[in-house]
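Inspection log for the structure reproduced underneath, given as structure tokens.
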Amino acid sequence: PNFLLAYNMLTTGYYLENRWDEYLAADAKRPMDAVTRDLARGHTAEAMQDLQATIKKANSGLARPSSVVHDASRLHDRSLTLEWLEKSYAHHDYWDLFINVDPEFDWLRGDPRFQALVQKLGVG
């Protein structure tokens, strides 16, 4: 009941399917992500504030660049997502290896910069 990775995958699935009530129920048991929680509640302005807080943490070394990628992607901020994907690549973040198959990035796949990064990672 407290397995972090299981709840992470569960909440991600609910997010991808826009199953907000189920997302919030799972998130209440094992809080995951403030940006997505705000989006599930329809609070876009708060989600943007949480994204800025994540950027501040990442810039000070208290969060991985992939955390910003995740939040920016969920807000569909193309420029910020791609900027931080590059930073995440430079940081050698393990999770970057999955961007080519992660459905969270489906909305971004047609972007040439995304495709170039996939090629640079060697996962395309």
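Could we say that residue 22 is more than 15 Å from the chain's Cα centre (by Cα), over 21 Å from residue 5 (Cα atoms) and outside any loop (DSSP other than H, G, I, E, B) here? When the stated conditions are applied, residue 22 does not pass them. Of all residues in the range 1-25, exactly one satisfies the criterion of being open to solvent by less than 70 Å² (accessible area, probe 1.4 Å), without any contact (Cβ under 8 Å) to a residue 12 or more places away in the chain and either closer than 17 Å to residue 106 by Cβ or in contact with a Phe, Trp or Tyr (Cβ under 8 Å, 6 or more places away or on another chain) (or both), namely 13. Of everything in the range 105-114 that is in a helix (DSSP H, G or I) and either touching a strand residue (DSSP E or B) at 6+ places or on another chain (Cβ under 6 Å) or not charged (D, E, K, R) (or both), the residue that is surrounded by the most Cβ atoms within 10 Å (Cβ to Cβ) is 114.
Taken together, the residues in the range 32-91 that are buried (at least 16 other Cβ atoms within 10 Å of the Cβ), among the basic types (Lys, Arg) and either in a helix (DSSP H, G or I) or on the phi > 0 side of the Ramachandran plot (or both) amount to 3. Would you confirm, using the coordinates I've provided, whether residue 102 is of a type in the set (D, E, K, R), at pLDDT below 95 and open to solvent by 30 Å² or more (accessible area, probe 1.4 Å)? Answer is yes for this residue. All conditions in (1) under 26 Å from residue 37 (Cα atoms); (2) touching a residue at least 12 places away in the same chain (Cβ under 8 Å); (3) part of a loop (DSSP other than H, G, I, E, B) hold for residue 123, with the sole exception of (1).
The values are calculated or read from the model by the stated rules, or taken from the named source; none is laboratory data. This one's a predicted model, so the numbers in the text were calculated from it and none came from an experiment. Because the Cβ atoms are built from the backbone with ideal geometry, glycine has one as well, and the counts that use them run over all protein chains shown. These accessible areas exclude ligands, DNA and RNA; they are computed on the full protein's heavy atoms, side chains included. Shrake-Rupley method; radii C 1.70, N 1.55, O 1.52, S 1.80 Å.
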